[in-house]
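The structure under discussion appears below in the form of structure tokens.
The values are calculated or read from the model by the stated rules, or taken from the named source; none is laboratory data. Values in this document were obtained by computation on a predicted structure and should not be read as measured data. Heads up, the Cβs are rebuilt from the backbone with ideal geometry, glycines too, and the neighbour counts pull from every protein chain shown. Quick note on the areas: whole protein, heavy atoms, side chains included, nothing else; ligands and nucleic acids left out. Shrake-Rupley method; radii C 1.70, N 1.55, O 1.52, S 1.80 Å.
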Amino acid sequence: MENTKIAVIGLGYVGLPLAVEFAKKFPVAGFDIKQDRIDELRKGCDSTLEVDAETLASVLAAGNPLKADGGNGLFVTSSIAEIAEATIYIVTVPTPTDRHNRPVLTPLVKASETVGRVLKSGDIVIYESTVYPGATEEDCVPVLERVSGLVFNEDFFVGYSPERINPGDKEHTVTKIRKVTSGSTPEAARKVDELYRSIITAGTHLASSIKVAEAAKVIENSQRDINIAFVNELAMIFNLMGIDTLEVLQAAGSKWNFLPFRPGLVGGHCIGVDPYYLAQKAQEYGYHPEIILAGRRLNDNMGRYVASEVIKLMISRDLKVKGAKVLMLGITFKENCPDIRNTRAVDIVAELRQYGVEVHIHDPWANPEEVRHEYGLECIEKPGGNKYDAVILAVAHKAFADRNIRELCSCSNAVVYDVKGVLPTSDIDGRL
């Protein structure tokens, strides 16, 4: 590991925590195309809340350690020239899907072009972004070769080590989650594995090939997606039967090998996206995945289902639907986290508006400007009391679970619907 200098491309939820950990042992330059992100990090502030101010301050370097002799630390920049001295490039950019649920590799290709401009003989490029099996070698490597003019596995090498970041989780942080590693040659694989073992206290798992590591990543989240789809379907069935789904799950959970999944909205940058990457590749090989896409269809429709259940409850209580005021608590994709990427809470809003309902959104964790930019929705800073015909707890932020939701209702027969199943049964009128 002597003379190792690292550049991390992309300083979001995945890249920043990784760069911070590496910076404790190596010279690291963090690169991001968003200058405002660089500016906030230089001030010691992380708006994703993944790295606290004290930890960030402890690793930030005054100058670029890649250009200095000796010292470790993190230097953040939006200049490609500032990462040219690195010997290892780690790409941690997002890999989303488009509105037709097709994989979008544009950020990955652009990041590969960036690395290609400064790639040198002997360098290793490691990808952490979620992709389908084959993407690293079939989509990224040709870009590196074209831009750099170097030859793959002769002049430079690649590795793949899928990210396992869980946004907002302060227990399962980057060093405490076992890391899958791989490389384009046995020697490259060894170096990649050694690099990660230097910071990952939970250890590593060296896969036999890059494709195996890529496949492992997409099935991790596809498996969770399918299991959540199963309990979501159970919730719809049991609601028709008048049976409490959570009570059923608690009873079934008394068996040692019952998997503890809960119904809910499935969003975020992984579980709601990764299955489409695997499905896309499967279809290129002539296979149409049944279970994977069925789970996706069901989970993608849960926002509409929640909205329709709320409307039914309102009608059953003789509440006027058109023009009604409904408060939705939470817009982030998960609890106690500011991440709004691919949140499915927006589906509830869209469906309610189809009924002529006026929807107010309140979320103390979300950045209102980001919500406005990404979804065209406005957030209110503080909901007024005795105002709403229905209140929907869409995200289980602790602040909501500790609050008296009924005080926000306009009348005694107003509807309180708990999407996350965290409120006392006596305080709600319906839940998944």
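Just give me the residues in segment 52-84 being of a type in the set (Asp, Glu) and under 21 Å from residue 35 (Cα atoms), in sequence order.
Of everything in segment 52-84, those that are of a type in the set (Asp, Glu) and under 21 Å from residue 35 (Cα atoms) turn out to be 52, 82.
Which members of segment 324-362 meet the condition of being part of a loop (DSSP other than H, G, I, E, B), under 15 Å from the mean Cα position of the chain (by Cα) and within 18 Å of residue 391 (Cβ to Cβ)?
Within segment 324-362, 331, 332, 335 meet the criteria.
For segment 141-183, name all the residues that are farther than 15 Å from residue 88 by Cα and among the charged types (D, E, K, R).
If the condition is that a residue be farther than 15 Å from residue 88 by Cα and among the charged types (D, E, K, R), then 145, 146, 154, 163, 164, 169, 170, 171, 176, 178, 179 are the ones that fit.
Of all residues being in contact with a Ser or Thr (Cβ under 7 Å, 6 or more places away or on another chain) and among the acidic types (Asp, Glu) in segment 352-391, which is most open to solvent (accessible area, probe 1.4 Å)? Just the residue, please.
389
Kindly indicate the residue of segment 227-281 that is of a type in the set (D, E, K, R) and over 14 Å from residue 432 (Cβ atoms) and also least open to solvent (accessible area, probe 1.4 Å) among those meeting that condition.
274
Does any residue in segment 174-193 that is in a strand (DSSP E or B) come within less than 6 Å, Cβ to Cβ, of a residue that is of a type in the set (A, V, I, L, M, F, W, C) six or more places away or on a different chain, and which pairs are these?
179/200; 180/207; 180/213; 180/216; 181/192; 181/206; 183/189; 183/192
Of (1) touching a His at 6+ places or on another chain (Cβ under 8 Å); (2) at pLDDT below 95, residue 326 satisfies all except one. Which?
(2)
Considering every residue within segment 218-227, establish whether at least one is in contact (Cβ under 8 Å) with a residue 12 or more places away in the chain, closer than 23 Å to residue 122 by Cα and of a type in the set (Ser, Thr, Tyr).
No: zero hits.
Any idea how many residues of segment 363-401 are in a loop (DSSP other than H, G, I, E, B), without any contact (Cβ under 8 Å) to a residue 40 or more places away in the chain and at negative phi?
Qualifying residue count for the region: 10.
Restricting attention to segment 34-57, which residues are in contact (Cβ under 8 Å) with a residue 24 or more places away in the chain and small (Gly, Ala, Ser)?
Listed by number, the list holds a single entry, 47.
So the check is Cβ under 6 Å with 6+ separation or different chains; which pairs have a first residue in segment 234-259 that's more than 14 Å from residue 309 (Cα to Cα) and a second one that's among the small types (Gly, Ala, Ser) and open to solvent by less than 70 Å² (accessible area, probe 1.4 Å)?
Short answer, once both residue conditions are applied: 245/235; 246/421; 258/252.
Looking at segment 1-49, which of its residues are over 22 Å from residue 123 (Cα atoms) and part of a helix (DSSP H, G or I)?
Correct list: 17, 35, 36, 37, 38, 39, 40, 41, 42.
Condition test on residue 345, is it in contact with a helix residue (DSSP H, G or I) (Cβ under 9 Å, 6 or more places away or on another chain), open to solvent by less than 10 Å² (accessible area, probe 1.4 Å) and small (Gly, Ala, Ser)?
yes
Return the residues of segment 65-74 that are open to solvent by less than 20 Å² (accessible area, probe 1.4 Å) and part of a loop (DSSP other than H, G, I, E, B); say none if nothing qualifies.
Scanning segment 65-74 gives 65, 66.
Name every residue in segment 36-54 that is under 14 Å from residue 10 (Cα atoms) and of a type in the set (A, V, I, L, M, F, W, C), in order of residue number.
38, 41, listed by residue number.
Tell me the residue from 240, 246 that is assigned to a helix (DSSP H, G or I), hydrophobic (A, V, I, L, M, F, W, C) and closer than 23 Å to residue 335 by Cα, please.
246 is the lone residue from the list that is assigned to a helix (DSSP H, G or I), hydrophobic (A, V, I, L, M, F, W, C) and closer than 23 Å to residue 335 by Cα.
Might you check whether a residue that is within 17 Å of residue 92 (Cα to Cα) and among the small types (Gly, Ala, Ser) occurs anywhere in segment 34-45?
no
Under 9 Å by Cβ, and 6 or more places apart or on different chains, what pairs join a residue from segment 302-313 that is among the aromatic types (Phe, Trp, Tyr) with one that is open to solvent by 40 Å² or more (accessible area, probe 1.4 Å)?
What qualifies is 305/236; 305/351.
Scan segment 253-273 and tell me whether some residue there is under 25 Å from residue 213 (Cα atoms) and in a helix (DSSP H, G or I).
There is no residue in segment 253-273 that is under 25 Å from residue 213 (Cα atoms) and in a helix (DSSP H, G or I).
Taking the options 29, 53, name whichever one is buried (at least 23 other Cβ atoms within 10 Å of the Cβ) and aliphatic (A, V, I, L, M).
Unique residue meeting the criteria: 29.
So which residues in segment 161-197 are of a type in the set (D, E, K, R), farther than 19 Å from residue 130 by Cβ and open to solvent by 30 Å² or more (accessible area, probe 1.4 Å), if there are any at all?
Hits for segment 161-197 are 170, 171, 176, 187, 190, 191, 194, 197.
With the checklist (1) acidic (Asp, Glu); (2) closer than 16 Å to residue 237 by Cα; (3) part of a loop (DSSP other than H, G, I, E, B) in hand, flag the one item residue 318 doesn't pass.
That leaves (2) as the condition not met.
State which residue pairs qualify: first residue on the phi > 0 side of the Ramachandran plot and inside segment 143-169, second residue crowded, with 17+ Cβ neighbours inside 10 Å and of a type in the set (Ser, Thr, Tyr) in any location, beta carbons under 7 Å apart, and separation of 6 or more residues or different chains.
Once the first residue is on the phi > 0 side of the Ramachandran plot and sits in segment 143-169, its partners that are crowded, with 17+ Cβ neighbours inside 10 Å and of a type in the set (Ser, Thr, Tyr) give 153/184.
Of all residues in segment 80-98, which are in a loop (DSSP other than H, G, I, E, B) and touching a Phe, Trp or Tyr at 6+ places or on another chain (Cβ under 8 Å)?
Listed by number, the list holds a single entry, 95.
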